[in-house]
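The values are calculated or read from the model by the stated rules, or taken from the named source; none is laboratory data. In this text the structure is predicted, and so the values were computed from the model without any measurement. Reconstructed Cβ throughout: ideal geometry from the backbone, glycine too, with neighbour counts over all protein chains shown.
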Amino acid sequence: GGLQINNILEAQGKEPKYLVSQSGMKSRHTDEETLDAAIMALGGLVNKKMVAGLQASGVNAFGLTGVDGKILVARRKKKLITIDPETSKRIVVRNDYSGKIDPGKVKGKIIEGLLDAGLVPVIGALATSAEDEILNTDGDRAASCTCNAIKGDLLVSVTDVAGVLASLDDEKAISTLTEGMLDSMMEKVRGGMRKKIFAVKEALELGISKIIITSGLVEAGVSRAIAGDIGTTITP
């Protein structure tokens, strides 16, 4: 939904904003206007188009967000320390409405209830804070916490590249990685893949036994990744 959030902001004449953490991680600055755009995209436009697409393929999908039923509860990052890209100085940001999901508070029973009813939940990565604020959250972390809550043993993370690449010049993904190799890979990859690998580390720590990072731009990408034909499979 990142692209769609940007499109909504730009249609309103607003420029998407990003923050860079002290560790070099880039993330969206979710001020109040950006939060509204995230709600429109993740709770509406993107969610319903995904639901309709799945239903057209014979999957009885059910769209909602982590706010509904308080499925996802997160701690708001009320103060963020970021790096100014021009001066390299540290800046404190206080008007951010993003949060870190508490994996112990994910309402797995609601998700399991939908699955038992023959429905496939499509959950937008919005969460509720302890103060009942709506928060934007990282989609990869939301997926990890949700998978853990329903005791899933396989998590497939879909992206726009073949998987984890050894270098920017490679087109073919590394087929397998283990948990002990992830720190060194963090130093090699760039952009959104760094956050994906960080989320993979958290997923393994939660007890998920296998994570696959694969492209969503190829036909039957998820099925082929599960079969081991494409993508990068990460295990403890």
Residue, nearest to the chain's Cα centre (by Cα), within segment 8-38, restricted to residues that are over 24 Å from Thr82 (Cα atoms) and either in a strand (DSSP E or B) or in contact (Cβ under 8 Å) with a residue 12 or more places away in the chain (or both): Ile8
Only one of Lys79, Lys89 that is farther than 21 Å from Ala127 by Cβ, among the basic types (Lys, Arg) and either crowded, with 19+ Cβ neighbours inside 10 Å or modelled with pLDDT under 95 (or both): Lys89
Enumerated strands (runs of 3 or more DSSP E) restricted to segment 102-201, each holding at least 1 residues that are touching a Phe, Trp or Tyr at 6+ places or on another chain (Cβ under 8 Å) and crowded, with 18+ Cβ neighbours inside 10 Å: 120-124, 134-136
Selection count, segment 54-82, where residues are of a type in the set (Gly, Ala, Ser), in contact with a strand residue (DSSP E or B) (Cβ under 8 Å, 6 or more places away or on another chain) and closer than 22 Å to Gln4 by Cα: 3
Residues satisfying the stated conditions in segment 103-123, i.e. touching a residue at least 40 places away in the same chain (Cβ under 8 Å) and touching a strand residue (DSSP E or B) at 6+ places or on another chain (Cβ under 9 Å): Val106, Lys107, Ile110, Ile111, Leu114, Leu119, Val120, Pro121, Val122, Ile123
Matching residues, segment 92-101, being surrounded by 10 or more Cβ atoms within 10 Å (Cβ to Cβ) and either under 20 Å from the mean Cα position of the chain (by Cα) or in a strand (DSSP E or B) (or both): Val93, Asp96, Tyr97, Ser98, Gly99, Lys100, Ile101
Residue selected from segment 40-60 under the condition part of a helix (DSSP H, G or I) and among the polar types (S, T, N, Q), by the criterion nearest to Ile134 (Cα to Cα): Asn47
Positions within segment 112-145 being more than 16 Å from the chain's Cα centre (by Cα), β-branched (Val, Ile, Thr) and farther than 14 Å from Val73 by Cβ, in sequence order: Val120
